[in-house]
1. Going residue by residue through the range 66-86, is there one that turns out to be modelled with pLDDT under 90 and within 17 Å of Gly140 (Cβ to Cβ)?
2. Given the conditions (1) out of contact with any helix residue (DSSP H, G or I) (no Cβ under 9 Å at 6 or more places or on another chain); (2) surrounded by 11 or more Cβ atoms within 10 Å (Cβ to Cβ); (3) free of Cβ contacts under 8 Å to residues at least 12 places away in the same chain, report the number of the one that Val229 does not fulfil.
3. Hey, can you tell me all the residues within the range 90-118 that are in contact (Cβ under 8 Å) with a residue 12 or more places away in the chain, part of a helix (DSSP H, G or I) and among the small types (Gly, Ala, Ser)?
4. Being surrounded by 12 or more Cβ atoms within 10 Å (Cβ to Cβ) and within 30 Å of Met105 (Cβ to Cβ), is that true of even one residue in the range 190-208?
5. Which pairs have Cβ atoms under 7 Å, sit 6 or more apart or on different chains, and link a residue in the range 124-135 that is basic (Lys, Arg) to one that is at pLDDT 90 or above?
6. Within the range 66-89, how many residues are in a helix (DSSP H, G or I) and either under 24 Å from Pro127 (Cβ atoms) or of a type in the set (S, T, N, Q) (or both)?
7. So is Lys134 modelled with pLDDT of 90 or more, over 27 Å from Thr59 (Cα atoms) and not aliphatic (A, V, I, L, M) or not?
8. What are the residues in the range 150-169 that are surrounded by 12 or more Cβ atoms within 10 Å (Cβ to Cβ) and either on the phi > 0 side of the Ramachandran plot or polar (S, T, N, Q) (or both), if any?
Amino acid sequence: MDFYALQTWLEERALEHDKPTLLLQLASDKLRREQIVRPGITRLERLVATARQQAHDETFRRLTPLLTDERSTMLDSLLTPDVTMGRTVLHWLRREATAPSAAQMVETLKKVTWLLHAGVATWDLAPLNPNRVKWLAQIGWKAPAQQLQRMTPLRRYPILVTFLHQALLHHTDVAVELYDQCLWEYHGAAKKELKEWRQSLARSTNDKLRLFRELGQVLLDPEIADAAVRAESFARVPEPV
């Protein structure tokens, strides 16, 4: 009964963490806490391997409502080269934005639009533990397309489903961040342009004040005759060509 309870408990932990050494450590710690004599390490290793396999089976079972025939076909198409793009859709969705430019923002928004049209936003992954969703999605971000193609549907489809779910969140965040960066750059450029315009306006105002001062001195000088005001004004302020 203790061994059966440990196996059931370990299966639940395997749905949270897939690392074999961690599961082995967790099983040993549980036995120590409950003061149960630990079985041989080989037996524990087999127990961990069984728990990991059953976690894969359970993950697939929980995602079965999402895996319709149409959606399974769409997931498989991610791994085949697209003639219009010259690469797989999986590779395209993995590509990161390299700069806060308009072109990169448009490219990111295209990915978000593609994922929304695929209905990814409506997928419910609540039955899966968040740690397992994150772990499966990481495999989707890194594993080569050929490796994913060689996997059985039981392993491949959960990886692709969680990858697309995480990709939608990721690219949405990237699009918002790119927009903020572009907006901040334009804001900085606008502030610089405004500062330069104000400086030029101030210089122009100063020039006008100096001009009016010169002309005022001519007009108010009692020693300059009225007939000579024009000539004296152009002598101090050059006539525009």
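1. Among the residues of the range 66-86, at least one is modelled with pLDDT under 90 and within 17 Å of Gly140 (Cβ to Cβ), which makes the answer yes.
2. Only one criterion in (1) out of contact with any helix residue (DSSP H, G or I) (no Cβ under 9 Å at 6 or more places or on another chain); (2) surrounded by 11 or more Cβ atoms within 10 Å (Cβ to Cβ); (3) free of Cβ contacts under 8 Å to residues at least 12 places away in the same chain is unmet by Val229, namely (1).
3. Matches in the range 90-118: Ala102 only.
4. The answer is no, given that none of the residues of the range 190-208 is surrounded by 12 or more Cβ atoms within 10 Å (Cβ to Cβ) and within 30 Å of Met105 (Cβ to Cβ).
5. The qualifying pairs are Arg132/Thr59.
6. Within the range 66-89, residues that are in a helix (DSSP H, G or I) and either under 24 Å from Pro127 (Cβ atoms) or of a type in the set (S, T, N, Q) (or both) number 10.
7. no
8. Hits for the range 150-169 are Thr162, Gln166.
The values are calculated or read from the model by the stated rules, or taken from the named source; none is laboratory data. From a predicted model like this one, the values you see are computed outputs, not experimental measurements. Please note: Cβ atoms are built from the backbone with ideal geometry, for glycine as well, and neighbour counts cover all protein chains shown.
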